[in-house]
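Let me begin by presenting the structure, written as structure tokens, before commenting on it.
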Amino acid sequence: MIESGLPNPHTLAVLALTVVALILFSREKIPLETSSLLVLAVLAIGFEIFPFQGELGQVRSIDFFRGFGHEALIAVCALMVAGHGLVRSGALEPVGRSLAKLWSISPSISFLMTLVIAGILSAFINNTPIVILLLPILVSVSLQTQSNASSLLMPMGFATLIGGMSTTIGTSTNLLVIGVAADMGLRKMEMFDFIVPALIANGIGLIYLWLVAPRILPKRDLVMADTSPRVFTAHLVIREESQAAGMKLSEAIALTHNLMNVEGIRRSETTYIMPLPDAVINPGDRLLVHDTPANLKTFEQLLGATLYSAGDEVSEDHPLQAEDQQLAEAIVFRGSPLQNRTLNEIRFADSYQLVVLAIHRANERIKSMPQGLGNLNMRIGDVLLVQGKRDNINELKQQSIVMVLDSTTDLPHTKKAPYSLAIMFGIILMAALGVLPIAVSATGGVLLMLFCGCLSWRDVSRALNAQVILIIVASLALGNALLMTGGSEFLAQTFVNVTDGASPSIIISSLILLMAILTNVVSNNAAAVIGTPVAIGIANTLQLPAEPFVLAVLFGANMSYATPMAYQTNLLVMSAGNYKFADFMRVGLPLILIMWLSYSWLLPLLYAPHPT
């Protein structure tokens, strides 16, 4: 048995703070940012008042703030922003539309494809936008097919977590483990260094999520299905160059994956066409539709139509051509100049450089708009869907014409999608080939997205997450304190003593399980940063190669399946699927068991941890 010396007072204090930090990180009522800042402040103030000189040198209080400039944090932030650039440019929307279309052919195969695509995308992109993209698609197809949506949402969320384990940039956890290991002198792992064990284990996990998980999840009434956005009435104007021009109505509806419901076709002010499947659509026709703002904009894009007529153009610098387009909802209130008047009468488009796309009228479904939306008399309580530049919408808020609701939506820069895709591919390629570190290539990619108009600085600030930044910095500071005071070595020796006599394979398996338990109770990033020095200490104590032990921490810390608070996308899925805590335990614990056993078999097999 290896003797572990009595820890010094600084080590004991840091170990105690680590326990307190892990408890704080697991408390839902305390913001993670507050807990992280508290840990940082206690470390900095404590070592300033009580200096420490150890074998690795003197610990200075300012050292704990170096996490703000750590390569791993820079890479995480840059990748978050670059991923947001893909979302803002609408680059992921074709993926969503293709999956939605595939569901009408074969739900079972489509679900498998959804899981696979979610996993592949998550290997290179932050999984939060992927989950946000796929949630409404799965809810929509489940409503259309009368299937159980709650059996789909959680497996999809877990598929993104599994996919993130495949590459060095898949999750912030991966970047932190690799960064901390490199700081301690290990060879820096390249992007696809551990993809072989990841693909094998992920394949087993995906089969479970596809075939087993949906069958053991109880049916839940979805919140998303009950609280749908307001339904607006609009005219889709068919242009000369529209894809739908010359088509039968049934063919045009098929272009929208059969989601669009047309209630009438207006050919002129006096001519109406019954919306029969065989009715031929001509240029200039206006299709009367009722749907949510998101669906209306999707129909507009898929058909090549417009939600406004040529007469709605407001200037040579057409507002709908700007790069900072937003959708906003505005209510006609009592005493508004629009009350009992039309948009054309007050020259709304000319005066405010905004276009009204659709109208929502409470407790009434507008059956026809014979002279168009611009000539429809407005009533108190009417909600208008307007589109235009951000500045013009902000200016409308200051006027006494309508009451603009706070919920505005930035529209994707769809013309920029090829640029954002090319830039993201370049980020990944430069890092994969070893030309540039991921922190450098991702930062350069963000700059290119800014130059190309895929992002604005406002988008950058939205993409950065204070919670993620602070938990990473605090975890790095705590890990550094454990390392400098000998706390990591003490924990490593204690772990070896507990597993005394066990084979390296059992020790690796035990380390994976310990990290899997820890990551479901506290932050996965904290588990990763604290566990990495301990793993290296165990390998050094046993005189074994450190790589399989580091990978044990990386894979174990990513197994955030058993609790909703273990990872931020779990909370998104929980809210959308109306899941209970027990639902995550029911599906997550078997998945942890499957992944744990898979990696317990694969890591010793592929990395053969024999004494050096």
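Of note:
- Those lysines that a straight Cα-Cα span of less than 18 Å connects to residue 415, excepting residues fewer than 8 apart in one chain: 297, 389
- Here the average projected area of the convex hull drawn through the C-alpha atoms of the stretch 249-300 stands at 3.5 nm².
- Positive-end extreme of charge dipole, the chain - chosen from 26, 546, 375 (charges on Cβ): 375
- With Cα atoms, 0 to 90° folded angle of helix 581-607 axis to the chain main axis: 50 degrees
- Peptide ranges 527-536, 462-471 listed from the most packed, as the mean C-beta count within 10 angstrom indicates: 527-536, 462-471
- By definition, a body whose alpha carbon gyration tensor gives a ≥ b ≥ c is prolate when a/c is 1.5 or more and a/b is larger than b/c, and the stretch 534-609 fits this prolate description.
- Net charge contributed by nearby residues that have their C-beta within less than 15 Å of residue 474 (K/R +1, D/E -1): 0
- Residue 261 long-range amide H proximity, modeled H, under 5 Å: 290
- Cα-centre dipole for the chain with unit charges at Cβ (Lys and Arg positive, Asp and Glu negative), debye to 20: 1020 debye
- Where labels lie 7 Å past Cα in the beta-carbon direction, separation of residue 494 and residue 282 in nm: 8.3 nm
- Residue exposure sequence - 188, 416, 367 - by fewest surrounding Cβ within 10 Å: 367, 188, 416
- Selected from 287, 357, 68, residue furthest toward positive end of dipole (the chain; charges at beta carbon): 287
- Estimated from helices alone, the mean residue ellipticity of the chain at 222 nm is -17500 deg cm²/dmol (sum of -39500 (n - 2.57) over DSSP H runs with n ≥ 4, per residue).
- Taking 23, 538, 281, 401 and counting other C-beta atoms within 10 Å, the order from fewest to most: 23, 401, 281, 538
- Those lysines that a straight Cα-Cα span of less than 20 Å connects to residue 580, excepting residues fewer than 8 apart in one chain: 29, 219
- Summary of packing: across the peptides 233-243, 113-123, the per-residue average of other C-beta atoms within 10 Å ranks them, highest first, as 113-123, 233-243.
- Angle in degrees between helix 71-88 and the longest Cα principal axis of the chain, rounded to the nearest 10: 20 degrees
- Fraction of beta bridges assigned by DSSP in the chain that are antiparallel (%, nearest 5): 95 percent
Coordinate-derived values only; no laboratory data. Predicted model, so just to flag it, every value in this text is computed and none were measured. We place every Cβ from the backbone using ideal geometry, glycine too, and count neighbours over all the protein chains shown.
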